[in-house]
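Undergrad: Below is a structure I'd like to ask you about.
What follows draws every value from the coordinates through simple rules; no lab data is involved. If you're wondering where the values come from, they're calculated on a predicted model, not measured in any experiment. With ideal geometry, Cβ positions are generated from the backbone for all residues, glycine too; neighbour counts draw on all protein chains shown.
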Amino acid sequence: MEIKILGPGCPKCEQTSKIVAEAVSETGVEANVEKVTGVMDIAGYGVFGTPAVVIDGDVKCVGKIPKKEDVKSWLTQ
């Protein structure tokens, strides 16, 4: 599973990264988590608000910090 955290590294982006890491750990899902910080790279996903979470190419969340329960449900779908 490929997970990308889109954002420039602001506090909300860091919080999103922490929540995603905790959800991955708690669900036991094998995932490669990558931070994408380049503005053009982020825009390439059609995302214009950060933080955003992309799982296997599917944009799951834009412009807000996701709830851990939501991330867990995305990981186990």
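Undergrad: Find which of GLY9, VAL33, ALA23 sits farthest along the positive direction of the dipole of the stretch 1-73, computed with +1 on the beta-carbon of Lys and Arg, -1 on that of Asp and Glu, about the Cα centre.
TA: GLY9
Undergrad: Suppose every Lys and Arg Cβ carries +1 and every Asp and Glu Cβ carries -1, with no other charges. What dipole size does the chain come out with about its Cα centre, to the nearest 20 debye? Could the numbers behind the result be given before it?
TA: On the way: 9 positive and 11 negative charges, 65 e Å.
Dipole magnitude for the chain comes out near 320 debye.
Undergrad: If you don't mind, there's one more thing I want to ask. Using DSSP to define loop residues, name the chymotrypsin sites (Phe, Trp or Tyr not before Pro) in the stretch 34-77 whose beta-carbon has at most 12 other beta-carbon atoms within 10 Å. Could the numbers behind the result be given before it?
TA: On the way: sites: TYR45, PHE48, TRP74; in loops: TYR45, PHE48.
Sparse-neighbourhood loop chymotrypsin sites (Phe, Trp or Tyr not before Pro): PHE48.
Undergrad: Using only alpha carbon pairs under 8 Å that are at least six residues apart, calculate the relative contact order of the stretch 19-77 and give it in whole percent.
TA: Details: 50 pairs, mean separation 24.0, N = 59.
Relative CO of the stretch 19-77 lands at 41 percent.
Undergrad: Let me ask you something else. Output the 0 to 90 degree angle, nearest 10, between the alpha-carbon long axis of helix 11-27 and the longest principal axis computed from the alpha carbons of the chain.
TA: For 11-27 against the chain, the angle is about 20 degrees.
Undergrad: Pick from ALA43, ALA21, ALA31: which is most flexible by mean-square fluctuation in a GNM of the chain where alpha carbon atoms under 10 Å apart are linked?
TA: ALA43
Undergrad: Let me ask you something else. If you stretched the chain out fully between GLU14 and ASP56, how much longer would it get, using 0.36 nm times the residue separation minus the C-alpha to C-alpha distance?
TA: On the way: separation 42, 0.36 × 42 = 15.12 nm, distance 2.02 nm.
Gain on stretching GLU14 to ASP56: 13.1 nm.
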